[in-house]
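Read-outs throughout are calculated quantities, based only on the coordinates presented, and are distinct from any laboratory measurement. What you see is a predicted model, and the numbers here were worked out from it, not measured in a lab. Neighbour counts run over all protein chains shown; Cβ positions are idealised from the backbone, glycine included.
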Amino acid sequence: MTEPLPFRALRARLSRLLAPRLADRLLKAVLADGLASYLADPKALIPAATARRILGAAHAVAAGQPLPLALGEAWFWERRLSVNDDVLLPRPDSEVLVEAAARLLPPAGAFAEIGVGSGALSLGLLDARGDCRGYGTEIAAKAFRVARENLEEAICGGRYTLFLGDGTRPLAQRGIAVDLVLANPPYVGLRERLDPSLAYEPRRALLGGVEGCALPKIFALEAEKVLGPQGILVMECAPREAPYLLAFLRRRGGEVEELSDLGGRTRGVVWRLKRLSER
Ligand SMILES: C[S@@+](CC[C@H](N)C(=O)[O-])C[C@H]1O[C@@H](n2cnc3c(N)ncnc32)[C@H](O)[C@@H]1O
């Protein structure tokens with residue numbers, strides 16, 4: 001398509017590909033504030049490149065792709081992020097982690113995120129707490145590149161350092177300690193039937209081990225290596241694995257608190273290590 005397309009014609013084409021609600025979400029995502037003027041004047045012309053983008057995304061969504069992946073962009077904590085199939089698409093449920101971390105991080109504190117993926121959680125916390133600085137690690141080189149693009153401003157501004165590496169090793173090797181560790185580890189069990197909505201997500205971002213909480217437990221041990229005696233871990237978990245993870249953390253000492261997601265299920269844990277120093 002090289003010619004501009006009347007909005008009315010574009011809508012007609014979309015209606016043959018997508019359910020009306022999905023078509024509306026796609027139009028809103030791409031046209032943003034401009035949508036109102038097209039709705040008011042359906043004969044108005046959509047530039048050819050925009051129409052191509054909308055129809056290309058509509059075909060991908062019709063074939064089963066999640067809308068953010070089809071568009072190459074997702075929204076998290078009121079920020080637009082670049083995404084592709086190398087990273088987990090950020091989930092609204094994960095915003096409870098950012099909220100908790102923003103509340104618990106001490107003034108001018110430092111945090112580290114293990115497994116940054118798109119960079120959504122780190123960016124959210126940097127936005128929520130203008131006084132903090134952060135570090136992030138990511139083991140997958142392709143995901144690391146996406147995070148670097150999304151976090152570029154914070155990296156260039158000196159507020160954030162991103163490492164390609166395993167767990168907290170890149171920080172520990174440099175003697176970096178932080179006040180809080182944030183993580184959304186892979187937590188789907190190997191034997192669990194994958195929800196169809198996860199078909200487009202990278203396996204490495206999903207699979208947490210034979211039991212889903214194997215990697216979350218390892219992430220918690222990694223967090224301990226860079227947290228001081230008053231340190232705090234804020235970590236997402238699968239609702240069904242939460243009891244095992246909570247029991248594991250309680251056995252290691254300190255205080256444990258549950259975080260509920262938007263549907264009221266346990267979706268995260270806050271682990272305060274403070275009793276470790278009293279042992
Ligand atoms: C569930 S995704 C979460 C991504 C992002 N934090 C979010 O919430 O959208 C987990 C991420 O951890 C990364 N990862 C897995 N094992 C890791 C490890 N040992 N060290 C660092 N990153 C790891 C994966 O590649 C993936 O990007």
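In a fully extended conformation the segment linking residue 225 and residue 203 would gain 5.3 nm over its present Cα-Cα distance, using 0.36 nm per residue. In the chain, helices alone account for a calculated mean residue ellipticity at 222 nm of -11500 deg cm²/dmol, with every DSSP H run of four or more residues adding -39,500 (n - 2.57).
How big is D, in µm² s⁻¹, for the chain by Stokes-Einstein at 10 °C and 1.306 mPa s if Rh is the Kirkwood radius over C-alpha pairs? Translational diffusion coefficient: 79 µm²/s.
Can you give the local net charge around residue 9? Use residues other than it whose beta-carbon is closer than 12 angstrom to its beta-carbon, Lys and Arg +1, Asp and Glu -1. Value of the local net charge: +4. So, R0 is 41 Å and r is the distance between the beta-carbons of residue 63 and residue 159; what FRET efficiency does that work out to, to 0.05? E between residue 63 and residue 159, to the nearest 0.05, is 0.55. Restricting the stretch 52-151 to GluC sites (Glu not before Pro) that sit in a DSSP loop and have at most 13 other Cβ atoms within 10 Å of their own Cβ leaves 78. The convex hull defined by the C-alpha atoms of the stretch 1-65 has an orientation-averaged projected area of 3.9 nm².
By other beta-carbon atoms within 10 Å, ranking 137, 266 with the fewest at the front produces 266, 137.
Of the residues 96, 111, 167, the one whose Cα sits farthest towards the positive end of the charge dipole of the stretch 73-278 is 167 (charges of +1 on Lys and Arg Cβ, -1 on Asp and Glu Cβ, taken about the Cα centre). Computed on the chain, with alpha-carbon pairs under 8 angstrom and 6+ residues apart, the relative contact order is 14 percent. Scaled to the globular estimate 2.2 N^0.38 Å, the Cα spread of the stretch 98-187, given as radius of gyration, is 0.97. For the stretch 184-223, count all C-alpha to C-alpha pairs, find those more than 17 Å apart, and express that count as a whole percent of the total. Result for the distance tail: 26 percent. Database remark: amide H of residue 228 closer than 5 angstrom to the amide H of 178 (H placed geometrically; neighbours at sequence offset of 5 or more, or on other chains; Pro and chain starts carry no H).
Put in order of Cβ neighbour count within 10 Å, fewest first, the listed residues 43, 225 become 43, 225. Each Lys and Arg contributes +1 and each Asp and Glu -1, all at the Cβ; summed about the Cα centre of the stretch 5-68, the dipole is approximately 180 debye. Build a GNM of the chain with springs between Cα atoms under 10 Å apart, and of 117, 268, 254 the one that fluctuates most is 254. For the chain, hydrophobic long helices are taken as DSSP H runs at least 18 Å long by C-alpha position along their axis with mean Kyte-Doolittle hydropathy of -1.0 or more; these are 48-62, 214-226. In this label model, residue 194 and residue 91 are separated by 1.5 nm, measuring between points 7 Å along each Cα→Cβ vector.
The order of 195, 179, 24, going from fewest to most other C-beta atoms within 10 Å of their C-beta, is 195, 24, 179.
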